[in-house]
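Contents: one structure, followed by commentary.
The values are calculated or read from the model by the stated rules, or taken from the named source; none is laboratory data. For clarity, every value in this text was computed on a predicted model and none was experimentally measured. Backbone-built Cβ (ideal geometry, glycine too); neighbour counts: all protein chains shown.
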Amino acid sequence: MPQGKYKSRTFRKVFVKVPGGKTKVHHKRRKPAKAKCANCNTLLKGVPRELPYKMKSLPKTKKRPQRPYGGVLCSKCTKQKLKEIIRK
């Protein structure tokens, strides 16, 4: 029987083969959902899907793309947004 904290769906079951030749169940925390564009809801490229404690140790350049609205809007929406701003 797993401990109470492992009964929720926060943890996923990972079957690991241990040195004794048996297969054991380990519980690992699920990863967060993939980042989506705030405008069109497409998946963002260049944004890692990691837990907060792992994201904290990543350098800033690995967390999101280095461009305006990086990590918030996809490249197509960014292009449209910048065109709008320039035209005004």
query = Which residues, taken from region 17-43, are surrounded by 11 or more Cβ atoms within 10 Å (Cβ to Cβ) and β-branched (Val, Ile, Thr)?
reply = THR42
request  = Answer yes or no as to whether THR61 is among the hydroxyl-bearing types (Ser, Thr, Tyr), in a helix (DSSP H, G or I) and within 19 Å of the chain's Cα centre (by Cα).
outcome  = yes
inquiry  = Can you tell me which condition LYS31 does not meet? The list is (1) more than 15 Å from the chain's Cα centre (by Cα); (2) closer than 30 Å to PRO2 by Cβ; (3) modelled with pLDDT under 95, and all the others hold.
reply    = (1)
ask   = Do the conditions hold for GLY70, that is, is it surrounded by 12 or more Cβ atoms within 10 Å (Cβ to Cβ), in a loop (DSSP other than H, G, I, E, B) and within 13 Å of the chain's Cα centre (by Cα)?
value = no
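One line per residue, one yes/no per condition, for (1) modelled with pLDDT of 95 or more; (2) in the same structural domain as LYS5 (by TED's automatic domain parsing):
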residue	(1), (2)
THR23	yes, yes
LYS36	yes, no
CYS40	yes, no
LYS45	no, no
GLU50	no, no
MET55	no, no
GLN66	no, no
CYS77	yes, no
LYS88	no, no
key: Test: residue in region 5-20 that is in a loop (DSSP other than H, G, I, E, B) and in contact with a Leu (Cβ under 7 Å, 6 or more places away or on another chain)   = no
inquiry  = Quick check on region 43-57. Is at least one of its residues over 10 Å from the mean Cα position of the chain (by Cα), in contact (Cβ under 8 Å) with a residue 40 or more places away in the chain and under 29 Å from LEU82 (Cα atoms)?
reply    = no
